[in-house]
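Asker: Have a look at the structure that comes next, please.
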Amino acid sequence: MVVHSQSTSLDHCSLIKTCKPTTSVFNGIPVVNLRDPEAKTLIVKACEEYGFFKLVNHGVPMEFITRLETEALRFFNLPQSDKDRAGPPDPFGYGCKMIGSNGDMGWIEYLLLNTNPQITSHKTHTVFRENPEIFRSAVDDYIEAVKRMTFEVVELMADGLKIEPRDALSRPLRDEKSDSCFRLNHYPPCPELQALSGRNLIGFGEHTDPQIISVLRSNNTSGLQICLKDKTWVSVPPDHTSFFINVGDALQVMTNGKLRSVRHRVLADSMNSRLSMIYFGGPPLNEKIVPLASVMADGEESLYKEFTWWEYKTSAYKSRLGDYRLGLLEKGSSGL
């Protein structure tokens, strides 16, 4: 993704949305120490209030994190023609500016990779062609460490919600047919932001994640924002040594709305590039997504219709980023 002259660059991003700037840096992001004896309680409280929290003392080696960041930046710094050979995404592979197939655009380039070794993609092989051992190894080591951490987090979440069995949330993620994926997002600096009359350029538009859980790590460049319950957008202070955990739509359904998926977005920066690594924990395609019996109080009714992950995923990716995707699955709606 090459930035040329101001006029050329702004021409090229004319379809990318902008938003009014916000100077509100939110210092109230819940922080959970994974080794805290009260972690299960703190995780549930954070997910009920924000659908989002920062995880520290997570156990993922910094060596894995920095090695993958180095390899990812090496890829994104390749000539555009080399990167384009790994795209367009199918859905895996390299993408630039276009987010999905429904017209959403962002100041972004990305790699989308499958975390299931049984599923291969020609585009994925192309990504690793230059340095297959180094890049592939860096991705594999990172994903395996993050998966272990994620399984522990969702099992603590189950403990805090008194969900039985304890692996009700982790089992779909551990399944060999788990439909999980891994995304590397690169947001290049955009010096031309000053020409946008003080508005911010959208790197990745507002949305919720459809999966069960999302685990994000980024470099020390700001840009991530979340939407609070009062509809206020606030900026999340970056922390390159920690992880940020998002509740996904599927988890909202599984807890019958007790935990809420968080609406979030990323804004471009005029001076610094932002690199994000996101593990999206999804269930197998045929997994039924329903409120878990052990999370329902006596007499409590399900807020959602029964559906499979494939049905919801298919519906979600036919929508625009900002759509309220779960609305189609709520009781009383017309359905998918």
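The values are calculated or read from the model by the stated rules, or taken from the named source; none is laboratory data. It should be emphasised that the depicted structure is a prediction, and the values quoted were computed from it without experimental measurement. As a convention, Cβ positions derive from the backbone with ideal geometry for all residues, glycine included, and neighbour counts pool all protein chains shown. What goes into the accessible areas is simple: the full protein's heavy atoms, side chains included, and nothing from ligands, DNA or RNA. Shrake-Rupley method; radii C 1.70, N 1.55, O 1.52, S 1.80 Å.
Asker: Check the straight Cα-Cα distances from Lys231 and name the lysines below 20 Å, setting aside those fewer than 8 residues away within the same chain.
Answerer: Lys17, Lys20, Lys45, Lys258
Asker: Right, something else. I'd like the projected area of segment 17-156, averaged over all directions, using the convex hull of its alpha carbons. Report it in nm² with one decimal.
Answerer: 11.1
Asker: Give, in nm to one decimal, the length gained when the segment between Tyr324 and Val31 is fully stretched (0.36 nm per residue of separation minus the Cα-Cα distance).
Answerer: Full extension from Tyr324 to Val31 adds 102.7 nm.
Asker: Follow-up. Calculate, in nm to one decimal, what Lys288 and Glu38 gain on full extension: separation in residues at 0.36 nm each, minus their alpha carbon distance.
Answerer: 86.9 nm
Asker: In whole angstrom, how far apart do the alpha carbon centroids of segment 200-270 and segment 272-334 sit?
Answerer: Taking the Cα centre of each part, segment 200-270 and segment 272-334 sit 16 Å apart.
Asker: When the scattering of segment 36-296 is computed by the Debye formula from its Cα atoms alone, each counted once and equally, what is log10 I(q)/I(0) at q = 0.13, 0.14, 0.15, 0.16 Å⁻¹?
Answerer: -0.85, -0.99, -1.14, -1.29
Asker: Please report, ordered by residue number, every helix of the chain (full DSSP H runs) that is 27 Å or longer along its axis going by C-alpha atoms and whose mean Kyte-Doolittle hydropathy reaches -0.5.
Answerer: 132-161
Asker: Can you list residues whose amide H is under 5 Å from Thr308's amide H, if they're 5+ apart or on another chain and H is modeled 1.01 Å from N?
Answerer: Ile289
Asker: Please give, to one decimal in nm, the separation of the simple spin-label points placed at Lys229 and Asp140, each 7 Å out from Cα toward the Cβ.
Answerer: A separation of 4.5 nm, rounded to one decimal place.
Asker: Along Cα→Cβ, 7 Å out, is where each label goes; now give me the distance between the ones at Arg174 and Met296 in nm to one decimal.
Answerer: Those two pseudo-labels are separated by 2.5 nm.
Asker: Here's something else I'd like to know. Where in the chain lies the longest segment free of chymotrypsin sites (Phe, Trp or Tyr not before Pro) that are both loop residues by DSSP (not H, G, I, E, B) and have at most 14 other Cβ atoms within 10 Å?
Answerer: Counting at most 14 other Cβ atoms within 10 Å as exposed, the longest clean stretch of the chain is 1-316.
Asker: Hey, what does the equivalent ellipsoid look like for segment 129-239, semi-axes from the Cα gyration tensor as sqrt of 5 times each eigenvalue, largest first, whole Å?
Answerer: Ellipsoid half-lengths, sorted descending, are 31, 23, 11 Å.
Asker: What nm distance separates the two modelled labels at Glu133 and Leu78, each placed 7 Å from Cα along Cα→Cβ?
Answerer: 1.8
Asker: Given a 1.4 Å probe and heavy atoms of the protein chains only, how would you sort Arg174, Arg183, largest accessible area at the top?
Answerer: Solvent-accessible surface, decreasing: Arg174, Arg183.
Asker: Counting only heavy atoms of the protein chains, get the accessible area per residue of segment 36-296 (1.4 Å probe) and round it to a whole Å² value.
Answerer: Heavy-atom accessible area per residue stands at 39 Å².
Asker: Using DSSP loop states and a limit of at most 16 other Cβ atoms within 10 Å to flag GluC sites (Glu not before Pro), what is the longest stretch of the chain containing no flagged site?
Answerer: So the longest stretch without any such site is 177-299.
Asker: What's the local net charge at Arg174, with K and R +1, D and E -1, over the other residues with C-beta under 11 Å away?
Answerer: So the environment of Arg174 carries a net charge of 0.
Asker: Report, in debye and to the nearest 20, how large the dipole of the chain comes out about its Cα centre when Lys and Arg carry +1 and Asp and Glu carry -1 on their Cβ.
Answerer: 540
Asker: Put Ser276, Ser24, Ser235 in order of accessible area, largest first, 1.4 Å probe: what do you get?
Answerer: Ser24, Ser235, Ser276
Asker: Sticking with this one: Can you quote the Å³ per residue value for the convex hull of the Cα atoms in segment 220-322, rounded to an integer?
Answerer: Spelled out: Cα convex hull of segment 220-322, divided by residues, is 145 Å³.
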